[in-house]
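Taking it in order: structure first as structure tokens, then the write-up.
Coordinate-derived values only; no laboratory data. Quick caveat: nothing in here was measured; it's all calculated off a predicted structure. Quick reminder, even Gly has a Cβ in these numbers, built from the backbone with ideal geometry, and neighbours come from all protein chains shown.
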């Protein structure tokens, strides 16, 4: 071979040496090596490296590796992070107990617990104060769980702190919850979670008034998206294919949206502020018992846009209801609606059970009487866009005694009435503006308001 240089008995270089071409070593290299190695090392063999699916870096960036999650967490100190370097599927009934101050970085990897039982995947310890950790960039899957207790993440009893799940997806494909604090009495906050479940509630909260969830997204196939019992949920989204999107049983819901394809989008039994419910299978927004509803909105293509139920002391203030299938807003018992708007394309804008009241409200119906089953109406603007002789603004037939003052009442059909009754009725009526009809008050109604304004503009009702 031309330009060939052969060393048969060894070679030793006492200075720096450089090979500009390729270097083929057929006999191998033995002995020790010091210094740095440049390159990816893809051609090197026979090098022993300790590896594992989980690792903890020291101050210099060198990793200690562990083969199972719990061992790695136990070995970590507060302030350290356990990282995942491979997807892991656990098929034995193993629950990982999280450690205060020890974060987890999944590096986009999946940890799956696949057992046909009620084993939870992760839990926090009980009665731990200021339990603050982050589980980020990870997919947590719980498959084949047989009961709701086979959840993905469970919050311990009397535990307080923050659980941050930024970039993590929690997915329960079996019968279990996604994230649950069902037995908790502490102040645990769950932040930035994205949760999916099959048949159970995606996020189930049962802490005290300081617990809750913020900036969370929860999806369930047949369970509830988010159920809040006593805490506070803020900027959350809950959706269910056939169950309730968000159920606010106790505590506060603020800036939350619930969506359902089978029943109510948003159910409220406590306090809700600036919340929205959307449904294609039930009521958009449903206030139950003594719900307090402020600046809330309901949309439905299957039932009421906004509905109250029960004899409790509901508060309905600055709320709206829209429906393409039933009444825009239905008010039960002695509910007083203040500054509300209701709209329906097929039914009443406002419906009621006979004792509800409207104050400073606006409503319009495209295909039915605008208001029915409502007792007192003050300072409202109501329009019936149904161009039919039955297109009345207010139907008082089901109401025994009623008061209508300072309203603007508009019909589209001149033969309709502003105030109508099928049967003989008495009412207090005064200071209204009528537009569109020939006869504002139906002949079956006797106006028993006989007191004129005094020198100061006051009117005595009755």
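Annotations
- Each of 263, 276 has some number of other Cβ atoms within 10 Å of its Cβ, and from fewest to most they run 263, 276.
- CD proxy at 222 nm, helix term only [per DSSP H run n ≥ 4: -39500 (n - 2.57); per residue of the chain; nearest 500]: -500 deg cm²/dmol
- Scattering curve values for the range 71-155, log₁₀ I(q)/I(0), Debye with Cα scatterers, q = 0.11, 0.14 Å⁻¹: -0.29, -0.47
- Mean separation of Cα pairs under 8 Å and 6 or more residues apart, divided by the residue count, gives the chain a relative contact order of 5 percent.
- Taking the centroid of alpha carbons for each part, the range 297-353 and the range 388-452 are 21 Å apart.
- Stretch gain in nm, segment residue 324-residue 95, where the contour uses 0.36 nm per residue and the Cα spacing is subtracted: 77.6 nm
- Pairwise label distance in nanometres, residue 290 with residue 317, each label 7 Å out on the Cα-Cβ vector: 1.6 nm
- Per-pair calculated FRET efficiency, R0 = 56 Å: residue 412 and residue 455 via Cβ, rounded to 0.05: 0.90
- Normalised convex hull volume, the chain, alpha-carbon set, Å³ per residue: 242 Å³
- Neighbour-count order for 294, 402, fewest beta carbons within 10 angstrom listed first: 294, 402
- Label-point separation, residue 86 to residue 381 (7 Å along Cα→Cβ), nm: 6.9 nm
- Residue separation of residue 422 and residue 397 scaled by 0.36 nm, minus their Cα-Cα distance, works out to 8.4 nm of gained length.
- Zone of residue 57's modelled label, taken as backbone nitrogen in the range 82-112 under 15 Å from a point 7 Å along Cα→Cβ: 82-85, 103-108
- In this structure, residue 147 and residue 65 have a Cβ-Cβ separation that, at R0 = 30 Å, corresponds to a calculated FRET efficiency of about 0.30.
- Alpha-carbon Rg with Dmax, taken over the range 314-462, Å: 14.2, 48
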